[in-house]
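The values are calculated or read from the model by the stated rules, or taken from the named source; none is laboratory data. None of these values were measured; they are calculated from a predicted model. Positions of Cβ are backbone-derived with ideal geometry, glycine not excepted, and every protein chain shown enters the neighbour counts. Heads up: the accessible areas ignore ligands, DNA and RNA and are worked out on the full protein's heavy atoms, side chains in. Shrake-Rupley method; radii C 1.70, N 1.55, O 1.52, S 1.80 Å.
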Amino acid sequence: MIIMGPPGAGKGTQAGRVAERFGIPAISTGDIFRSNIKNGTDLGRQVEAILSSGGYVPDQMTNEIVRDRLAWADAAPGFLLDGYPRTTGQVDFLDKVLAASGHPLDGVIVLTVDEDAVVARLHKRAETEGRADDTEEVIRERQAIYRAETAPLIAIYAEHGILVEVDGMGTVDEVTERLVKALDADRP
Ligand code: ADP
């Protein structure tokens with residue numbers, strides 16, 4: 001499965017909870033990049049400036065990381081991707097990887113939230129977590145890039161008939177319950 005939504009929609013939080021319910025790993029490309037930066041790896045050094053500007057890491061690099069991660073044993077029963085795919089190039093790549101593995105996507109969750117609310121959440125997170133990309137300017141840049149590059153993917157997955165749209169406003173628990181219900185109802 002995939003979880004999508006604008007920066008600040010609560011993808012990371014909900015991905016962890018939903019994945020746990022389904023007994024599968026939540027895989028966040030953002031987390032993978034941040035841990036590489038923290039550990040000073042080659043990859044981390046290559047992507048650090050990109051993340052702090054709010055731009056997207058080039059598809060080729062991101063795709064390779066995802067392909068490697070999906071090959072781990074824990075992802076064999078299934079997985080929930082958080083923050084990937086974000087571009088049409090990534091959608092095409094994931095399609096190929098999944099076709100080769102014989103496991104089609106079961107669902108694409110879209111968390112819907114209003115932009116003012118998410119910007120406010122990100123400001124709050126800036127105070128508590130101190131993420132380098134949670135500054136006013138970079139938050140706006142990330143929202144704009146999401147709108148231009150990633151929001152159009154929703155229409156692509158809607159055409160595949162696997163979209164599960166869920167209201168992301170409310171408490172963390174409320175949203176998790178909505179998600180689990182929507183996914184259960186959606187299962188064949
Ligand atoms: P958010 O959704 O709040 O922006 P993420 O943790 O998902 O946070 O992503 C943080 C940053 O990591 C992005 O702004 C981007 O620079 C990089 N990133 C994460 N996933 C991808 C991806 N699929 N493609 C390109 N860049 C990515």
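Tell me the mean residue ellipticity at 222 nm calculated for the chain from its helices only (DSSP H runs of n ≥ 4, each -39500 (n - 2.57), averaged over every residue, nearest 500).
Value at 222 nm, helices only, nearest 500: -18000 deg cm²/dmol.
Measure off, as a whole percent, the carbon and sulfur share of the 1.4 Å-probe accessible area of the chain, all protein chains present.
Accessible surface attributable to carbon and sulfur in the chain totals 52 percent.
Give me the lysines in straight-line cross-link reach of Lys181: C-alpha distance below 19 Å, same-chain residues under 8 apart excluded.
Within reach: Lys11.
Go through the stretch 135-147 residue by residue and turn each phi into a ³J(HN,Hα) via Karplus (6.51, -1.76, 1.60, θ = phi - 60°); whole Hz please, and just put x for glycine and proline.
Residue by residue, the stretch 135-147 yields 9, 3, 5, 6, 4, 4, 4, 5, 5, 5, 5, 4, 4 Hz.
Which whole-Hz ³J(HN,Hα) couplings does the stretch 34-40 yield from phi under the Karplus relation 6.51 cos²θ - 1.76 cosθ + 1.60, θ = phi - 60°, glycine and proline marked x?
Karplus-based 3J(HN,Hα) across the stretch 34-40 equals 4, 6, 5, 5, 4, 8, x Hz.
Using alpha carbons only, what's the Rg to Rh ratio of the stretch 92-188 with Rh from Kirkwood?
Using Cα coordinates only, the ratio equals 1.03.
Treat every Asp and Glu Cβ in the stretch 2-176 as -1 and every Lys and Arg Cβ as +1, leave all other atoms uncharged, and give the resulting dipole magnitude about the Cα centre to the nearest 20 debye.
It comes to approximately 320 debye.
Kirkwood hydrodynamic radius of the chain from all distinct Cα pairs, in Å?
17.0
Identify which of Asp134, Asp114, Asp106 has the largest mean-square fluctuation in a Gaussian network model of the chain, with springs joining Cα atoms closer than 10 Å.
In the Gaussian network model the winner is Asp114.
Express the accessible area of the chain per residue in Å², computed with a 1.4 Å probe while the remaining protein chains stay in the model.
About 52 Å² of surface per residue is accessible.
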